[in-house]
Each structure stands twice: as structure tokens, then as C-alpha cells.
Amino acid sequence: MQVMEPTHKRSSRKRRKKAQILELLQEFEKSQMTVRDFSKLHSISSGILYKWKNRYKGNNSKPSGFAKVDVIQPKHVAQGLFAEVRGIRIYQHVSATFLKELLG
């Protein structure tokens, strides 16, 4: 009887949790080492370290693709105004069809 080995090999790379990644990034910032030397010391690729830096921005745990947005309502616009079409002010939610008819 012949035993077949699996055709796919299990990945040997180590998965790190977010907290571990943030600790490594903090350690990297304090170390003053080059990316190459730090990566070699911790058995990770330089590309992964750059990826983590971009994703977590050092100690920040938020992804870099998000930004805080403050919505400021202009002072001249009345409170509760939903829409203004050709000088007509609408103070409640209306359907898109209704707004289309106003424009027509």
C-alpha cells in the first residue's frame, strides 16, 4: 500500500495577533534599528514590517484608511432643513421621486 503525501504544504509563517504587532512596532520605534536589521532579528520580512507600519501607523490601532470627519452645518441654513430645490426649502424627509418632480 502506497501512502500519498498531501499536495499542499502548511504555511510555516507565524501569525501574530494585533496586540503582538503593535508591541513589535513600538519596539521598532524605540530600537533606532534599520528595518532590515529589526526584521532579521525578529524573523519577519522587511515588507511585512512596512505593511504593519502602514496599516497601524506605529501605535495607532486604527487602519490608516479612515479619517475623522466633523460635519459642520453652515450658520445660514435653518435647523432641520432636509433639502432646498430652486428656492423651495423642505424640512422633512421626502422621496427622490418627489425631488425629481420639483426639478421637472
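The values are calculated or read from the model by the stated rules, or taken from the named source; none is laboratory data. Keep in mind it's a predicted model, so treat the numbers as computed, not measured. Cβ placement follows ideal geometry from the backbone for every residue including glycine, while neighbour counts extend to all protein chains displayed.
Which residues, taken from region 29-45, are under 25 Å from the mean Cα position of the chain (by Cα), outside any helix (DSSP H, G or I) and among the aliphatic types (A, V, I, L, M)?
Ile44
Here is a list: Arg15, Arg10, Arg86. Which entry is of a type in the set (Lys, Arg) and modelled with pLDDT of 80 or more?
Details: Arg10 fails: modelled with pLDDT of 80 or more; Arg86 fails: modelled with pLDDT of 80 or more.
Arg15 is the lone residue from the list that is of a type in the set (Lys, Arg) and modelled with pLDDT of 80 or more.
So that you can scan it fast, the table gives a plain yes or no per residue for (1) touching a helix residue (DSSP H, G or I) at 6+ places or on another chain (Cβ under 9 Å); (2) modelled with pLDDT under 90:
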| position | (1), (2) |
| --- | --- |
| Gln26 | no, no |
| Asp37 | yes, no |
| Gly47 | yes, no |
| Tyr50 | yes, no |
| Gln79 | no, yes |
